[in-house]
1. Given the conditions (1) more than 16 Å from ligand 1 (Cβ to nearest atom); (2) at pLDDT below 90, report the number of the one that D188 does not fulfil.
2. Need at least 2 residues that are exposed (fewer than 12 other Cβ atoms within 10 Å of the Cβ), more than 21 Å from the chain's Cα centre (by Cα) and in contact (Cβ under 8 Å) with a residue 40 or more places away in the chain per element, so show me which helices (runs of 4 or more DSSP H) inside the stretch 196-300 make the cut, counting only ones lying wholly within it.
3. Residue by residue through the stretch 101-145, note down the ones that are within 21 Å of the chain's Cα centre (by Cα), among the basic types (K, R) and farther than 14 Å from C222 by Cβ.
4. In the stretch 24-38, is there at least one residue being closer than 20 Å to K108 by Cα and surrounded by fewer than 18 Cβ atoms within 10 Å (Cβ to Cβ)?
5. Go through the stretch 136-163 and give me each residue that's in contact (Cβ under 8 Å) with a residue 40 or more places away in the chain and surrounded by fewer than 16 Cβ atoms within 10 Å (Cβ to Cβ).
6. For the stretch 51-62, check the following and say yes or no: at least one residue is over 25 Å from A253 (Cα atoms) and of a type in the set (D, E).
7. For the condition out of contact with any Leu (no Cβ under 8 Å at 6 or more places or on another chain), surrounded by fewer than 21 Cβ atoms within 10 Å (Cβ to Cβ), more than 27 Å from A253 (Cα to Cα) and not aliphatic (A, V, I, L, M), what is the one hit in G47, G42, G86?
8. What number of residues within the stretch 123-135 satisfy the criterion of being more than 18 Å from T283 (Cβ to Cβ), outside any loop (DSSP other than H, G, I, E, B) and out of contact with any Leu (no Cβ under 8 Å at 6 or more places or on another chain)?
Amino acid sequence: MKCKKCGKRAVEKLKPYGIALCRDCYVEFYEGLVERSFKKFGIVKRGEKVLACVSGGKDSSAMLGVLSRLSEKLDFEVEALHIDLGIGEYSKKSMKTVEELCGVLGIKLHVISVAEFGFTIDDIPKKTCSACGIVKRYLMNRYARLNGFDVVATGHTAEDIISFFFKNWLSGNFSWSEKLLPRTESFDERIVTRIRPLYDRSEKENLLYVICRGLPFLLDDCPHAPRDEWKEIVYYIESRKPGFRRNFVLNLAKYLEERVHGTVEVEEKEEYGYCKLCGEVTTFDVCAFCRLVKKFSAKP
Ligand code: SF4
Ligand code: ZN
């Protein structure tokens, strides 16, 4: 199999695009796709300071790799944030991988440890992932705001977006829609704008990118990771209908952009206020993060 662009030996046939590419041409192709989405969705604005949240897995490593390349071309700044969740060996390996990755890319790394709050994710016996999600969202938003970043970037992929969409749609929860856009603008001065640079990239594309560039990434899964049946369904549909994944997220973004910008009627926004303990934005008296700290922290 030969590379369609240069004729060298191809590393992979990319079914959704109907082409085979060699290592170097794939890297260029992938970065071109991300750049195109950046322009199409206005993912980052000129001069913005981006805090990229990196776990060390293939997706966040790919995100940091491509952000570091695009930052010069599109004129924005990027630094990395790693949250040490305190999940035994897994967290130790994650931290080591992120340090190596930032070293290779020459990107400044910031680290926050959940243990600073008197507990770790391993201390949470039930609904661990949902608590972990609360912790990560809270810490990255607060850290970015207090340290002068304009935007927080996460490594969500097309598979994440589609499985999130199905789970919420089927449970009748429709207040999530803006969270599924490539860029979610801040709605309050205490909330930092969120971007998803790999919104229309698949996990396979990300894996191939980090391998082709030789970027460090962690193969191990978090020991708390549940089996994600929705993702398995997405893989299956993609295997039968190549291109499904990409078309789904691109059309979802188009539909949601119209909702957010008012061409489709949107339901009332939820009322919100500020947490009486920490002052972050919440729809309750005390935010979900502070309730977790109260329940699990060993600190008095
Ligand atoms: Fe956190 Fe769950 Fe992800 Fe592990 S799998 S890092 S516990 S959200
Ligand atoms: Zn080539």
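1. It fails just one condition, (2).
2. Working: elements: 203-213, 229-240, 244-260, 288-296.
Filter on the stretch 196-300 gives an empty set.
3. K108, K127, R137, R142, R145
4. At the first step, the residues of the stretch 24-38 found to be closer than 20 Å to K108 by Cα are none.
No: the stretch 24-38 contains no residue that is closer than 20 Å to K108 by Cα and surrounded by fewer than 18 Cβ atoms within 10 Å (Cβ to Cβ).
5. Result: N147, G148.
6. no
7. On the way: G47 fails: more than 27 Å from A253 (Cα to Cα); G42 fails: more than 27 Å from A253 (Cα to Cα).
Going through G47, G42, G86 in turn, the sole match is G86.
8. Within the stretch 123-135, the first condition is being more than 18 Å from T283 (Cβ to Cβ), and the residues that meet it are 123-129, 132.
Now drop any that are not outside any loop (DSSP other than H, G, I, E, B), which leaves 123, 128-129, 132.
The next check asks that each one be out of contact with any Leu (no Cβ under 8 Å at 6 or more places or on another chain); those that pass are 123, 128-129.
Total meeting the criteria: 3.
The values are calculated or read from the model by the stated rules, or taken from the named source; none is laboratory data. Since the structure is predicted, the reported quantities are computational estimates derived from the model, not experimental observations. Neighbour counts run over all protein chains shown; Cβ positions are idealised from the backbone, glycine included.
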